[in-house]
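Below you'll find the structure, written out as C-alpha cells, and then a few comments.
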Amino acid sequence: MLRVAVVGSGPSGCYTAQSLVQGDPGVHVDVVDRLPCPYGLVRYGVAPDHEKIKSLQGSLRTVLEHERVRFLGGVRVGGPGGLPVERLRELYHAVVYCVGAATDRRLGIPGEELPGSWSATDFVAWYSAHPDAADAGFLHGVRSAVVIGVGNVAVDVTRMLVRGAAELRPTDIPQAALDTLTASGIAEVHMVGRRGPSQARFTTKELRELGGLPGTEVTVDPADLALDPADPAALPAVQRRNLEVLRGWAERPPADAARRIGLRFFLRPVEVLASGGTSRSGEAGSGEGRVGAVRFERTAPDGHGGVTGTGRFEEVPAQVVLRAVGYRGVPLDGLPFDAVTGTVPNAAGRVVRDGAPSPGEYVAGWIKRGPTGVIGTNRPCAKETAASVLADAPALVARQVPEDPLAALRAAGIEPVLWTGWLAIERAEAALGAQLGRGVVKLADWDALLTAAGSA
Ligand code: NAP
C-alpha cells in the first residue's frame, strides 16, 4: 500500500488525490489542510455570486469522500507551530504539496501601505469568510474606488463593490460583509490597466458580466481603444472578443445609473496619495493619511506588447485602492523555492533539490506552475504529478512508514478536524442561514468553525 499526503485541499489537491486513487487501487491519500474547511480557493477565492463555479465543490466533495481518501483539516504544515515538512515526510511514502500561491504581488510604489490601500487578496478573503481575514474598514467613507489590474480578480472585486443586497443576500456571503457591502456609499469604481485593452487578462465571460449589473453603468474611453495598436484579426479569440465587448460599451450613450464602473487603460500607477483631510464625522485626523487618490502615468504602446511612459500624469480620486495585480507563491520551510517565479522547482511535479528530483516530494497547482489558469487547468497539472508519484511508487513503498499517520499526528499533539467535523460545520452554516432568514451563510471566524467542528 502506498500512503500519500496531499497538502492543500483546493482544486489542485483534490484533483491530485483523485488521479492517485483512480490510477492505482493500492493508494491511500490523506488530504491535509491548515483550515478546518476543504476546497481552498473554491471556498475562499471564488466570489460568492459565482454560484456556478462554486458548485464545483460538489465534484471536489466526491473526491474527499472516496473510500481511500481522508480529509485531515486544521493541520498546519511548516511555519511556526506547524508540523515540520521533514516530520510529514517520515509519516508518508510521498507528500504532494498543493499549497497554491498564498500571497499577493506588490506594486512597489510609494503610498502602497497607506490605510485604504489593500491587496485584493485581503478584500476577497474578507468577503469569502476566511477565518484569518478581518474587516480592515475597507469601505468606510468610500465613494470612489480604484482597482489596479485588469485580470479576473480585478473583475471579481469590481463586481462585488457594486453588487446590491438583492443579488448578494441569496449567496453564502457572511452577514457582516453583506451588511458592509450593501450599506456602502460607493458610486464609482475605476478599474485600471497599465497596458492596452487587447493585453487585458480578464476572460470575456467575466468581463461581459460587468455590463449586466443592476443599476450600474460601464464606461470605456474610446480614446483608449483607438490607442490600442492590435489588429483584431490577428488576436487570439479571447482578446478579440474582449475588444468587441469593450467597443460596445464605448459606443453606448451615457446612462443615468446610480453606480458607474469606469474601465481605464494605458495608466501605470506611480504613487498612492494620502488624502490629508479629516473624516466626515470630524474625528481628529481619522481621515488624515488615508488614501485620497492614485497618481498614474499615461503610457503608450511600445510596439512589442509593452508600454512606455509618456511623462504625462493623471490623478484619480479614491478612498479605497484594491491592488489586483496577481498572486505570489510563498516558500514553505524545508522545501526549495525559486524566488523569481514564486514556485517550487520541479520536473513533471517531482521537487528538484540541488539539481536532482527528490524522491517522495512532489508539487501540483499554482506552487508548481505559478498563479495562472482557471480551476480546470489544475486537472492536467495534477494528473502529471500523480503520474510521477505512481511511476515512483515501487521505490517509494520500500521505505517503512507508520501503519496509521493519524495516530502519529495525535501523539504529536495535533487533533485534526475529520470529515465528520467538516460536515458539522456545514450543518452549522445551514443553521446560521436559517436563523438569518437566508440560505447557507458561512461562519467567518476560527472559534465558530472549531466549535461547530467539535460538535460532530
Ligand atoms: P492576472 O490574471 O495575472 O492579472 C494581473 C493584472 O495585474 C494584469 O492586468 C497585470 O497587467 C496587472 N499588473 C501586474 N503587475 C502590475 C503593476 N505593477 N502595475 C499595474 N498592473 C499590474 O492575475 P489575477 O487577476 O490575480 O488572476 C490570477 C488567476 O486566477 C488568473 O489565471 C485568473 O484567470 C484566475 N481567476 C479566474 C477567475 C474566474 O475564472 N472567474 C476569477 C479569479 C481569478 P500586465 O498584464 O500588464 O502584467
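The values are calculated or read from the model by the stated rules, or taken from the named source; none is laboratory data. Everything numeric in this text was worked out from a predicted model, so none of it was measured. Note that we place each Cβ from the backbone using ideal geometry, even for glycine, and neighbour counts take in every protein chain shown. The accessibility values were calculated without ligands, DNA or RNA, using every heavy atom of the protein model including side chains. Shrake-Rupley method; radii C 1.70, N 1.55, O 1.52, S 1.80 Å.
Multiplying the sequence separation of V440 and S55 by 0.36 nm and subtracting their Cα-Cα distance, what value in nm do you get?
Between V440 and S55, full extension yields an extra 137.3 nm.
Among 368-379, 28-39, 194-205, 139-150, what's the highest-first ranking by average C-beta atoms within 10 angstrom per residue?
Per-residue mean Cβ counts within 10 Å order the peptides as 28-39, 139-150, 194-205, 368-379.
Starting from the alpha-carbon convex hull of the chain, give the projected area averaged over all orientations, in nm². Write down the numbers at each step before the final one.
Working: hull surface 95.3 nm².
That works out to 23.8 nm², a quarter of the Cα hull's surface.
Mind putting a number on the dipole of segment 105-323 about its Cα centre? Charges go on the C-beta only, +1 for Lys and Arg and -1 for Asp and Glu, and I need it in Debye to the nearest 20.
Dipole about the Cα centre, nearest 20: 380 debye.
Can you give the calculated 222 nm mean residue ellipticity of the chain, where each DSSP H run of n ≥ 4 adds -39,500 (n - 2.57) and the sum is split over every residue, rounded to the nearest 500 deg cm²/dmol?
My calculation for the chain gives -9500 deg cm²/dmol from helical runs alone.
So, by mean Cβ neighbours within 10 angstrom, what's the order for 311-317, 46-52 with the highest one leading?
46-52, 311-317
Mind listing which GluC sites (Glu not before Pro) in segment 357-456 are in a DSSP loop and have 16 or fewer other Cβ atoms within 10 Å?
E403
Treat each spin label as a single point 7 Å out from the Cα along the C-beta direction, and report the T103 to Q400 distance in nm.
Between T103 and Q400, the label points sit 4.1 nm apart.
Modelled label-to-label distance, A456 and T182, 7 Å Cα→beta-carbon offset: nm?
Result: 3.3 nm between the two label points.
With θ set to phi - 60° and the Karplus curve 6.51 cos²θ - 1.76 cosθ + 1.60, what are the ³J(HN,Hα) couplings of segment 326-336 in order, to the nearest whole Hz, using x for Gly and Pro?
Each residue's phi maps through the Karplus curve to give x, 8, 8, x, 10, x, 10, 3, x, 10, x Hz.
For segment 105-323, just the Cα set please: Rg and Dmax, both in angstrom.
Over segment 105-323's Cα set, Rg and Dmax evaluate to 17.4, 57 Å.
May I ask what percent, to the nearest 5, of DSSP beta bridges between residues of the chain are antiparallel?
If I count the DSSP bridges inside the chain, around 40 percent turn out antiparallel.
Identify all aspartates and glutamates with a Cα-Cα distance to K368 below 12 Å; exclude those on the same chain that are fewer than 8 residues away in sequence.
Once the sequence-local aspartates and glutamates are set aside, what remains near K368 is D338, E384.
Accessible area of segment 105-323 with a 1.4 Å probe: how many percent of it is carbon plus sulfur? Kindly include the intermediate steps, with their values, before the conclusion.
Values: 4760 of 9330 Å².
Accessible surface attributable to carbon and sulfur in segment 105-323 totals 51 percent.
In whole Hz, with x marking every Gly and Pro, tabulate ³J(HN,Hα) for segment 208-214 from phi via Karplus 6.51 cos²θ - 1.76 cosθ + 1.60, θ = phi - 60°.
Working through the residues one at a time gives 4, 4, 4, x, x, 7, x Hz.
If you put +1 on each Lys and Arg Cβ and -1 on each Asp and Glu Cβ, how big is the dipole of the chain around its Cα centre, in Debye rounded to 20?
640
If I model a spin label at A226 and R379 as a point 7 Å from the Cα along the Cα→Cβ vector, what separation in nanometres do I get?
4.5
Could you work out how much longer the chain between E65 and H304 gets when fully extended? Use 0.36 nm per residue separation minus the Cα distance between them, nm to one decimal. Each step should come with its number before you reach the end.
Numbers: separation 239, 0.36 × 239 = 86.04 nm, distance 4.95 nm.
In short, 81.1 nm is gained.
Just order 57-67, 229-239 by mean Cβ neighbour count inside 10 Å, highest at the front, would you?
Order by mean packing, descending: 57-67, 229-239.
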